[in-house]
Amino acid sequence: MLVIASDHGGLELKEEIKGLLAEKGVACEDLGTGSGESVDYPDFGQLVARRVSDGSARLGILVCGTGIGMSIVANKFPGVRAALATDVFMATMAKEHNNANILVLGGRVLQAGLAREMVSAWLETAFAGGRHQSRLDKITALESELKL
Ligand code: RB5
C-alpha cells in the first residue's frame, strides 16, 4: 500500500501521479488535500509520514510547491527516509542507495512527464543493500541516540 498527499501547490502533480499509479495497478490511498484552497504542508506531510513510520504503509509520495517543506516534515518521523528528487537519477538513487520510503516532488518544479518517469524509476528500482544498508543502520542508531 502506497499513501500519497500534497498541499495546494502539489495538488495538480499529485493527480497526475495518481493517474500513473492507477495505470501501473499500484494501490494508493490519497490522504489529501482535495482542493486548490491554500493549506499548510505540515498538516498533510505528517499524514503520510505517520503511516510510513508506523508501518501501516510501506511507501509514500508527498508533493508540495518545491518539495522542500514536505521533506522537512517527513524526515522528523522515525524510520522515514524521505528523498526530495528533481530528476530521474536522483529518484533512482533515492531507492538504490538510500532505500527512500517516501519520494518527495515539487509540483511547481517538475513537468508532469518527468515526474511520471521519476516515480516509475523510484518504484521499479531495488535497494542495493550491502554497504548502503550499513549506512542506513547508522541513521537508525542516530535516531535512537537523539531520542535520549
Ligand atoms: C506553498 O505556497 C508552498 O510554500 C509549499 O507548497 C511548499 O513549496 C513549501 O515548501
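The values are calculated or read from the model by the stated rules, or taken from the named source; none is laboratory data. Every value quoted in this text rests on a predicted model; they were computed, and no experiment measured them. Note: ideal-geometry Cβ built from the backbone for every residue, glycine included; neighbour counts use all protein chains shown.
On the given criteria, is P78 more than 15 Å from M1 (Cα to Cα), out of contact with any Pro (no Cβ under 9 Å at 6 or more places or on another chain) and away from the ligand (no atom under 12 Å from the Cβ)?
For P78, the condition - more than 15 Å from M1 (Cα to Cα), out of contact with any Pro (no Cβ under 9 Å at 6 or more places or on another chain) and away from the ligand (no atom under 12 Å from the Cβ) - is met.
I'm trying to understand the selection: among the residues of segment 103-125, which are within 16 Å of the ligand (Cβ to nearest atom) and assigned to a helix (DSSP H, G or I)?
A115
Of the residues A91, A128, A100, which single one is away from the ligand (no atom under 16 Å from the Cβ), assigned to a loop (DSSP other than H, G, I, E, B) and under 16 Å from I17 (Cβ atoms)?
The conditions single out A100.
Scanning for something crowded, with 20+ Cβ neighbours inside 10 Å, assigned to a strand (DSSP E or B) and in contact with a Leu (Cβ under 9 Å, 6 or more places away or on another chain), does segment 64-79 turn up at least one residue?
The answer is yes, given that some residue of segment 64-79 is crowded, with 20+ Cβ neighbours inside 10 Å, assigned to a strand (DSSP E or B) and in contact with a Leu (Cβ under 9 Å, 6 or more places away or on another chain).
Condition first: within 14 Å of the ligand (Cβ to nearest atom) and either outside any loop (DSSP other than H, G, I, E, B) or at pLDDT 95 or above (or both). Can you find one or more residues in segment 51-63 that meet it?
Yes: one or more hits.
Of all residues in segment 47-60, which are closer than 20 Å to L11 by Cα and in contact with a helix residue (DSSP H, G or I) (Cβ under 6 Å, 6 or more places away or on another chain)?
A49, G60
Taking only pairs six or more apart or across chains, which ones have beta-carbon atoms under 6 Å, a first residue in segment 111-132 that is polar (S, T, N, Q), and a second residue that is at pLDDT 95 or above?
Correct list of pairs: T125/T92; T125/K95; T125/E96.
Please count how many residues of segment 42-53 are closer than 13 Å to N75 by Cβ, of a type outside the set (A, V, I, L, M, F, W, C) and buried (at least 22 other Cβ atoms within 10 Å of the Cβ).
The total comes to 1.
Give segment 1-50 a look and list any residue that's of a type in the set (K, R), out of contact with any strand residue (DSSP E or B) (no Cβ under 7 Å at 6 or more places or on another chain) and within 12 Å of the ligand (Cβ to nearest atom), or say none.
Of everything in segment 1-50, nothing turns out to be of a type in the set (K, R), out of contact with any strand residue (DSSP E or B) (no Cβ under 7 Å at 6 or more places or on another chain) and within 12 Å of the ligand (Cβ to nearest atom).
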